[in-house]
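These notes concern the structure reproduced below.
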Amino acid sequence: MARAREGMLLVISGPSGAGKSKLCERLLQDDPCFQFSVSATTRAKREGEEHGAHYYFLSEEEFQTKVDAGEFLECALVHGHRYGTLRAAVRASLESGRDVLLDIDSQGARSVAAAMPDCVTVFILPPSYAELRKRLHTRNTDQENEIARRLDNAKGEIDQLSRYQYGIVNNTVEEAMEQLRAIVTAERQRMTRFFPDIPQE
């Protein structure tokens, strides 16, 4: 009997404004095998975001209760807010053969890689810091002091690049998507996940 394919956990990180969220959206649209892992956070909802679809928006008290119960695969403090990945949901999807996409920061990625060494880690880079600053201003979701903080944090996040298996410079979405698809295709053929059933005759 052929062994069932195991799901792949794809971890994507990058500084705010690098374009990782757009790439994640495109991958989910293009590839029905992927399921997005919805993170929990204590930050406020932005316009257009929905609880349970983009994030699980929790109070500090609710978040801490889940931490104490050991419900997170990883959790971290980022830009003054707490974020976490719910362990049970990720494991259930992988065991059913679904691929899971995590869009998380570098702190969270380190924790996930330590807990699940078979995960695939990709870091999305901006073409330059000047372009990163421009993108943060263009999206009009943050105040000037928040943009300055995110730019400062970006330097520390990019210093973590060597911890990742793959890096993509996001010059354009199409270019970056082509590289991301190539990574996904190659990783799906890795023998730890791919169990071909070759007929005897």
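Of all residues in segment 133-147 being modelled with pLDDT of 75 or more and surrounded by 12 or more Cβ atoms within 10 Å (Cβ to Cβ), which is nearest to His79 (Cα to Cα)? That would be Glu146.
Would you be able to say whether some residue in segment 80-91 is small (Gly, Ala, Ser), out of contact with any helix residue (DSSP H, G or I) (no Cβ under 8 Å at 6 or more places or on another chain) and at pLDDT 90 or above? No, segment 80-91 has no match at all. Of the residues making up segment 76-88, one or more are surrounded by 13 or more Cβ atoms within 10 Å (Cβ to Cβ) and assigned to a helix (DSSP H, G or I).
Against the list (1) part of a helix (DSSP H, G or I); (2) more than 16 Å from Ser162 (Cα to Cα); (3) in contact (Cβ under 8 Å) with a residue 24 or more places away in the chain; (4) not aromatic (Phe, Trp, Tyr), the condition Ala148 fails is (3).
Residues in segment 57-75 that are assigned to a strand (DSSP E or B) and within 22 Å of Glu146 (Cα to Cα): Phe57, Cys75.
Residue-wise test of (1) under 17 Å from the mean Cα position of the chain (by Cα); (2) charged (D, E, K, R); (3) within 16 Å of Asp31 (Cβ to Cβ).
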residue: Glu146; (1), (2), (3): no, yes, no
residue: Ala154; (1), (2), (3): yes, no, no
residue: Asp159; (1), (2), (3): no, yes, no
residue: Tyr166; (1), (2), (3): yes, no, no
residue: Glu174; (1), (2), (3): no, yes, yes
residue: Val184; (1), (2), (3): yes, no, yes
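Among the residues of segment 160-181, those that are of a type outside the set (Lys, Arg), over 22 Å from Pro117 (Cβ atoms) and out of contact with any helix residue (DSSP H, G or I) (no Cβ under 7 Å at 6 or more places or on another chain) comprise Val169, Asn171, Thr172, Glu174, Glu175, Glu178, Gln179. Consider segment 157-194 and keep the residues that are part of a helix (DSSP H, G or I) and acidic (Asp, Glu). The one that is modelled with the lowest pLDDT is Glu157. Being small (Gly, Ala, Ser) and touching a strand residue (DSSP E or B) at 6+ places or on another chain (Cβ under 9 Å) holds for only one residue in Ala130, Ala109, and it is Ala109.
Does Arg26 meet the test of being outside any helix (DSSP H, G or I) and basic (Lys, Arg)? No, not satisfied. Can you name the residue in segment 109-132 that is in a helix (DSSP H, G or I) and without any contact (Cβ under 8 Å) to a residue 40 or more places away in the chain and, of all such residues, is nearest to Val173 (Cα to Cα)? Among residues in segment 109-132 that are in a helix (DSSP H, G or I) and without any contact (Cβ under 8 Å) to a residue 40 or more places away in the chain, the one nearest to Val173 (Cα to Cα) is Glu131.
Considering (1) buried (at least 21 other Cβ atoms within 10 Å of the Cβ); (2) modelled with pLDDT under 90; (3) of a type outside the set (A, V, I, L, M), the lone condition that Asp99 does not fulfil carries the number (2). Residue selection: Ala53 fails the criterion of being farther than 24 Å from Ser16 by Cβ, out of contact with any Gly (no Cβ under 6 Å at 6 or more places or on another chain) and either in a strand (DSSP E or B) or at pLDDT below 90 (or both).
The values are calculated or read from the model by the stated rules, or taken from the named source; none is laboratory data. Since the structure is predicted, the reported quantities are computational estimates derived from the model, not experimental observations. FYI the Cβ positions are ideal-geometry reconstructions off the backbone, even for glycines, and counts take in every protein chain you see.
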